[in-house]
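Chemist: Quick one: structure below, then a few questions.
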Amino acid sequence: MTNVTRLGNKVETSETGEQFSAAAGNHEDFFRRKLDDLHDEGRYRVFADLERNAGQFPKALRYREDGTTQEVTVWCSNDYLGMGQNESVMAAMHNAIDKCGTGAGGTRNISGTNHYHVLLEKELADLHGKESALIFTSGYISNWATLGTLGANIDGLAIFSDASNHASMIEGIRHSRAQKHIWKHNDPEDLDRALSQYDPDVPKLVAFESVYSMDGDIAPIAEICDVADKHKAMTYLDEVHAVGLYGPRGGGIAEREGLMDRLTVIEGTLGKAFGVMGGYITGSTALCDYVRSYSSGFIFTTALPPAIAAGAIASISHLKQSDEERRRHKENVARVRAGLDAKGIPHMTNPSHIVPVMVGDAAKCKWISDLLLENCGIYVQPINYPTVPRKTERLRITPSPLHSPEDIDKLVSALCDLWSQCALARSVA
């Protein structure tokens, strides 16, 4: 028997009737049985053993189980602009290691705050037009820790979460045990109705994303802010799939639309378009200091290595000044979409850089992914449940400015052939 819990668009399942006793020694059978279920459904996840080649992105070296290697082209990286291979970013990291060594030395509170951390937080505050910033070890942790801390410590706070919010936001809200209300995805009218149900004196926070990572749609930020302002609610915007990519300096969708000043918190990542690792929030000095002082997810976590912070500073600084990467990136996204359209390969229409090629079957999605890798040297992971709902399985393609016209032609041609082999429906122009 399966119990299903729905929070927004994320479905969680818990199995009943399959209990085991560790003392009886049958836990290994339980683990194997559950893994067999994933295999049978076609959604067991296999990690490709890849070695990124410095200066050659999106090329990588794949290590096969038989000991041989294969050059592959990566089509599903969140290093959207290839900044993880940028010479200035790598040089900054090398220099920081030479100056500071490798690790941070502890938590930020106990010997772990390095001058590069201070400089990075100033760079991020400037990027988003905020007074202050606070860095974390990942975007997941920055969402979980910040929403969890605000929800748990602001007396009576009600959090209004978009139905398609990322798992890290959902977990932070759940962890906080604050009142929560899920509003329809990207629907300001439903948000207005939800907020209207609460007393005007109840503190409120509206949490949502700018670019949603699986469908690639973009939130109506101005309209959401209008509704939040009407109800005197704080706003929390996750820009992880937008920072570096949008806006004249890479500040995200809110910067592009001139809305950064209307948002209480802007959260982002250093591990996608900026090409390194880590997460952060930006906001007022008091808010960031409050999270710094009360969040266990910040207080008790070892700080980012200085070299990571140095690389992030170099990447952010570069993208503040250079629009070339964003321009070429946009052109390649358009080329991929045009190529798919010409062959009738169905992909989800959206205004962002994410190209979801829709398969709609878990087993076929994995089969196509496997054949692309083994026979064509094209690496794109299948996206299956629970990341996306069943029957919406897809290949999530993320073009970069460094993919060549030949790379794009090869991808489209290979997908066209496999679409025919799978007898999948084609789109009609």
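The values are calculated or read from the model by the stated rules, or taken from the named source; none is laboratory data. Note that the structure is a prediction, hence the values are computed from the model and not measured. Ideal geometry is used to build each Cβ from the backbone, glycine not excepted, and the neighbour counts take in all protein chains shown. Quick note on the areas: whole protein, heavy atoms, side chains included, nothing else; ligands and nucleic acids left out. Shrake-Rupley method; radii C 1.70, N 1.55, O 1.52, S 1.80 Å.
Chemist: D215 fails exactly one of the following numbered conditions: (1) within 13 Å of the chain's Cα centre (by Cα); (2) under 30 Å from A104 (Cβ atoms). What is the number of that condition?
Modeler: (2)
Chemist: To continue, here is another question. From the list T137, T73, T146, T69, which one is surrounded by fewer than 17 Cβ atoms within 10 Å (Cβ to Cβ) and either under 27 Å from E223 (Cα atoms) or hydroxyl-bearing (S, T, Y) (or both)?
Modeler: Answer to the check: T69.
Chemist: Based on this model, can you work out whether V89 counts as surrounded by 19 or more Cβ atoms within 10 Å (Cβ to Cβ), farther than 18 Å from Y379 by Cβ and touching a Phe, Trp or Tyr at 6+ places or on another chain (Cβ under 9 Å)? If you could, list the steps in order and put the result at the bottom.
Modeler: On the way: surrounded by 19 or more Cβ atoms within 10 Å (Cβ to Cβ): yes; farther than 18 Å from Y379 by Cβ: yes; touching a Phe, Trp or Tyr at 6+ places or on another chain (Cβ under 9 Å): yes.
It is true that V89 is surrounded by 19 or more Cβ atoms within 10 Å (Cβ to Cβ), farther than 18 Å from Y379 by Cβ and touching a Phe, Trp or Tyr at 6+ places or on another chain (Cβ under 9 Å).
Chemist: Might you let me know whether region 165-183 holds any residue that is of a type in the set (D, E, K, R), part of a helix (DSSP H, G or I) and open to solvent by 50 Å² or more (accessible area, probe 1.4 Å)?
Modeler: Within region 165-183, one or more residues are of a type in the set (D, E, K, R), part of a helix (DSSP H, G or I) and open to solvent by 50 Å² or more (accessible area, probe 1.4 Å).
Chemist: Still on this structure, I have one more. Looking at region 33-40, can you tell me whether even one residue there is farther than 19 Å from P382 by Cβ, modelled with pLDDT of 80 or more and among the hydrophobic types (A, V, I, L, M, F, W, C)?
Modeler: No: region 33-40 contains no residue that is farther than 19 Å from P382 by Cβ, modelled with pLDDT of 80 or more and among the hydrophobic types (A, V, I, L, M, F, W, C).
Chemist: Scan region 73-129 for residues that are polar (S, T, N, Q) and assigned to a helix (DSSP H, G or I) and jot them down.
Modeler: Result: Q85, S88, N95, N109, S111.
Chemist: Then there is this: In region 357-371, is there at least one residue being in contact (Cβ under 8 Å) with a residue 40 or more places away in the chain, assigned to a loop (DSSP other than H, G, I, E, B) and open to solvent by less than 10 Å² (accessible area, probe 1.4 Å)?
Modeler: No, the conditions are met nowhere in region 357-371.
Chemist: Something else about it: Provide a single number: the residues in region 213-231 that are assigned to a loop (DSSP other than H, G, I, E, B) and either closer than 14 Å to A254 by Cα or open to solvent by 10 Å² or more (accessible area, probe 1.4 Å) (or both).
Modeler: Qualifying residue count for the region: 7.
Chemist: Let me ask something else about it. If you scan region 264-274, which residues turn out to be buried (at least 24 other Cβ atoms within 10 Å of the Cβ), out of contact with any helix residue (DSSP H, G or I) (no Cβ under 6 Å at 6 or more places or on another chain) and part of a loop (DSSP other than H, G, I, E, B)?
Modeler: K272, A273
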